[in-house]
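Working notes, structure below.
The values are calculated or read from the model by the stated rules, or taken from the named source; none is laboratory data. Since this is a predicted model, take the numbers as computed values, not measurements. As a convention, Cβ positions derive from the backbone with ideal geometry for all residues, glycine included, and neighbour counts pool all protein chains shown. Only protein heavy atoms, including side chains, enter the accessible area calculation; ligands, DNA and RNA are left aside. Shrake-Rupley method; radii C 1.70, N 1.55, O 1.52, S 1.80 Å.
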Amino acid sequence: MSHITALAAAAVVVLAPVLAGCDPSPAPTPTPTAAFASEEEAFAEAEKVYRAYNEAGNDDRSGRTKNSAIGYLTGIALEDDLHMARSVEEQGLRLEGEAEVASVQRHSVDLQKRPAEIEIDVCLDITGTSVRDASGNDVTPTERQERLAIRVSLVVEAPRLLISDLVLLSEEPC
């Protein structure tokens, strides 16, 4: 499955937590990070950043905040998110509800690389979300998986750890 196909398959939930639009309003600054003392510390921080990103997306969808999730993104993840948000908005769709992180597993870490890179595999439960059209009708795809397996890549952009890519791992639920 290509990266773009994977993004399209999980677009509304995984890559478009800011369905309210692309307003350049200030986003919160993710937790600053120092150099990691160990791989365990790097993985713990990666999980913390992803969970904060997911909560910010939930807050954005609920209307409690606007565009706060994009403050956790960089590179292709940010570009894809902004593109998907525009596409969803143009289609007159919006996402409601909350996605929950069901589990996080370590995948890989390279602390010697510059910037340092960490990858985690996330199982995201999307049963609490629905897709609505402009009239408020539920248009959530009936064939949608309840849980999505996502590979999350994060990089250190001093002094922060940011999500640089999100890729749907398979069509199979986690």
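Which residue pairs have Cβ atoms under 6 Å apart, sit 6 or more places apart or on different chains, and have a first residue in the stretch 61-75 that is more than 21 Å from Arg132 (Cβ to Cβ) and a second that is part of a helix (DSSP H, G or I) and at pLDDT 90 or above?
Sorted first by the residue in the stretch 61-75, then by its partner, the pairs are Tyr72/Tyr53; Leu73/Asp81.
Only one of (1) hydroxyl-bearing (Ser, Thr, Tyr); (2) at pLDDT 95 or above; (3) buried (at least 16 other Cβ atoms within 10 Å of the Cβ) fails for Ser108. Which number is that?
(3)
Just checking, which of Glu89, Glu98 is in contact with a Lys or Arg (Cβ under 8 Å, 6 or more places away or on another chain), open to solvent by 50 Å² or more (accessible area, probe 1.4 Å) and either of a type outside the set (Ser, Thr, Tyr) or modelled with pLDDT of 50 or more (or both)? Outline the logic, then answer.
Numbers: Glu89 fails: in contact with a Lys or Arg (Cβ under 8 Å, 6 or more places away or on another chain).
Glu98 is the lone residue from the list that is in contact with a Lys or Arg (Cβ under 8 Å, 6 or more places away or on another chain), open to solvent by 50 Å² or more (accessible area, probe 1.4 Å) and either of a type outside the set (Ser, Thr, Tyr) or modelled with pLDDT of 50 or more (or both).
Residue check, Ile76 against (1) among the aliphatic types (A, V, I, L, M); (2) out of contact with any helix residue (DSSP H, G or I) (no Cβ under 7 Å at 6 or more places or on another chain); (3) open to solvent by less than 60 Å² (accessible area, probe 1.4 Å), all met but one. Which one?
Of (1) among the aliphatic types (A, V, I, L, M); (2) out of contact with any helix residue (DSSP H, G or I) (no Cβ under 7 Å at 6 or more places or on another chain); (3) open to solvent by less than 60 Å² (accessible area, probe 1.4 Å), only one is false for Ile76: (3).
Quick test for you: out of Ala35, Ala20, Ala8, pick the one residue that is within 22 Å of Ser170 (Cα to Cα), surrounded by fewer than 22 Cβ atoms within 10 Å (Cβ to Cβ) and at pLDDT below 90.
Numbers: Ala35 fails: within 22 Å of Ser170 (Cα to Cα); Ala20 fails: within 22 Å of Ser170 (Cα to Cα).
Residue meeting the stated conditions: Ala8.
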